[in-house]
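Notes for the one structure printed next.
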Amino acid sequence: MAGARLHKSSPFRTATLWLIWGWLLIFALIPNILVIAVSFFSRDPSQFVDMPLNIGSYIRLIDPLYFDVFMHSLWMAGLTTILCLLFGYPFAWLISRAKPRVQPILMLLLILPFWTNSLVRTYALKLLFANNGLINTLLQKLGIIDAPLDILYTQGAVIAGLTYLLFPFMVLPLYAVFTDLREDMLLASQDLGANKRQTFWHIVLPLTTPGILSGVLLVLLPAMGMFYVADILGGSRNLLVGNIIKNQFLDARDWPFGAAASVLLTVAMAILLLAYRASSRRIGKTDFNEVA
């Protein structure tokens with residue numbers, strides 16, 4: 001009976017696997033191959049790309065004009081990631097230590113903003129940061145400031161917007177590793193004479209490293225590509241890599257250079273994925289279940 005049941009369900013599993021692999025092939029693998037291929041072509045305003053093949057687009061990436069934008073974008077994305085980690089690490093810890101019946105409610109409140117489009121939420125932040133927005137109006141009514149603060153169209157506004165939008169992506173993987181953290185490991189550390197700082201440094205932090213790297217992966221690279229946040233909150237002086245890619249494809253019609261910038265982000269993602277895999281393997285080599 002079990003064999004017949006398994007045989008009956010195999011066509012469904014086969015169709016599901018074909019659907020998944022077909023989806024990944026059509027919407028992930030082939031587009032990435034096309035982007036990599038286009039990055040080696042030459043620019044042609046009328047046909048978008050043309051021969052001959054060259055690496056000129058990659059050489060342009062180190063041009064001081066674009067290199068400064070890339071470094072500025074990396075700085076803002078890195079600062080966003082650090083802020084998300086500093087606030088998200090204790091936040092995820094507190095959620096994982098809450099009562100089991102309360103945890104689903106807290107996680108629901110965390111992901112509730114996802115039910116609203118991120119573009120709409122970015123415009124809401126613009127209303128908060130404007131000179132006549134809620135923040136400046138409230139501060140003036142309280143007598144804290146006499147003139148409106150220049151919050152909008154600054155680097156701080158872009159970082160605040162990125163942090164707000166990407167904060168849940170840092171909390172979710174951290175919450176997952178905290179829920180898998182064994183309580184007996186912490187108790188054993190205390191029994192062996194370790195204080196709270198030593199327990200955190202030698203036990204908690206190493207075991208949660210995969211979650212940290214996963215959160216960094218989910219925050220750092222998207223932060224560099226969310227061009228609409230920089231357009232709405234930062235103006236023309238606080239560009240991200242995503243703004244360069246968008247401008248090259250839509251305005252300058254330089255598809256090879258836009259593709260080369262996209263490949264750069266893909267390579268950065270691959271490096272972070274390798275770091276995450278190495279960290280997971282390193283943690284996996286120490287099987288603490290064998291000790292118990």
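The values are calculated or read from the model by the stated rules, or taken from the named source; none is laboratory data. Predicted model, so just to flag it, every value in this text is computed and none were measured. As a convention, Cβ positions derive from the backbone with ideal geometry for all residues, glycine included, and neighbour counts pool all protein chains shown.
Small (Gly, Ala, Ser), without any contact (Cβ under 8 Å) to a residue 12 or more places away in the chain and assigned to a helix (DSSP H, G or I), is that true of Ala270? Please lay out each step first, then the result.
Numbers: small (Gly, Ala, Ser): yes; without any contact (Cβ under 8 Å) to a residue 12 or more places away in the chain: yes; assigned to a helix (DSSP H, G or I): yes.
Judged against the criteria, Ala270 is a match.
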Could you run through the range 107-119 and say how many residues are in contact (Cβ under 8 Å) with a residue 40 or more places away in the chain and not polar (S, T, N, Q)?
6
Restricting the range 236-269 to residues that are surrounded by 15 or more Cβ atoms within 10 Å (Cβ to Cβ) and among the small types (Gly, Ala, Ser), the one nearest to Ile151 (Cα to Cα) turns out to be Gly242
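Could you pull out every one of the helices (runs of 4 or more DSSP H) wholly within the range 120-216 that has 1 or more residues that are in contact (Cβ under 8 Å) with a residue 12 or more places away in the chain and surrounded by fewer than 16 Cβ atoms within 10 Å (Cβ to Cβ)? Lay out the reasoning, then the answer.
Details: elements: 134-141, 155-180, 183-191, 196-199.
Counting at least 1 such residues, we get 155-180, 183-191.
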Ala252 passes all but one of the listed conditions (1) modelled with pLDDT under 90; (2) assigned to a helix (DSSP H, G or I); the exception is number (2)
Filter the range 80-116 down to the residues that are outside any helix (DSSP H, G or I) and over 13 Å from Ala176 (Cα atoms) and list them by number.
Ala98, Lys99, Pro100, Arg101, Val102, Thr116
Ser46: passes all of (1) small (Gly, Ala, Ser); (2) assigned to a helix (DSSP H, G or I); (3) loosely packed, with under 10 Cβ neighbours inside 10 Å but (2)
